[in-house]
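Inspection log for the structure reproduced underneath, given as structure tokens.
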């Protein structure tokens, strides 16, 4: 489920960012939560469709190179995030880009595993 969410958010960032634009993926742990952000400086999400972006109400729109979509991706991403005990939110501005923020419970790793990874 996590791989599907990240893949969909990244594909959307690519789809709605003009050639030469930028996309950033960051992750951070704060306490018992992990936050993964996918940010772009693309065309943004129009304010008129933002309220329904996680439902089929907003439908699908073409990307910067006329790429097609189904409009199901973000709806599935939000559903999967909730099933994993997390949330999916976004902020967007026309012609300035979009930031999707996925917050999930952080996994607990035994100290022995952390030491092994560090070696």
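Points worth noting:
- Per-region count, region 38-57, residues over 13 Å from residue 102 (Cβ atoms) and either within 11 Å of the chain's Cα centre (by Cα) or loosely packed, with under 11 Cβ neighbours inside 10 Å (or both): 4
- Residue count, region 70-102 (criterion: in a strand (DSSP E or B) and within 19 Å of residue 26 (Cα to Cα)): 12
- Pair list, Cβ < 6 Å and 6+ apart or interchain, from region 18-37 residues that are exposed (fewer than 15 other Cβ atoms within 10 Å of the Cβ) to residues that are modelled with pLDDT under 95 and assigned to a loop (DSSP other than H, G, I, E, B): 18/64; 29/106; 32/106; 33/106
- Screening region 13-59 for residues that are in a strand (DSSP E or B) and touching a helix residue (DSSP H, G or I) at 6+ places or on another chain (Cβ under 6 Å) and picking the one that is nearest to residue 84 (Cα to Cα) gives 38.
The values are calculated or read from the model by the stated rules, or taken from the named source; none is laboratory data. Values in this document were obtained by computation on a predicted structure and should not be read as measured data. Cβ sites come from the backbone with ideal geometry, for glycine too, and all protein chains shown count toward neighbours.
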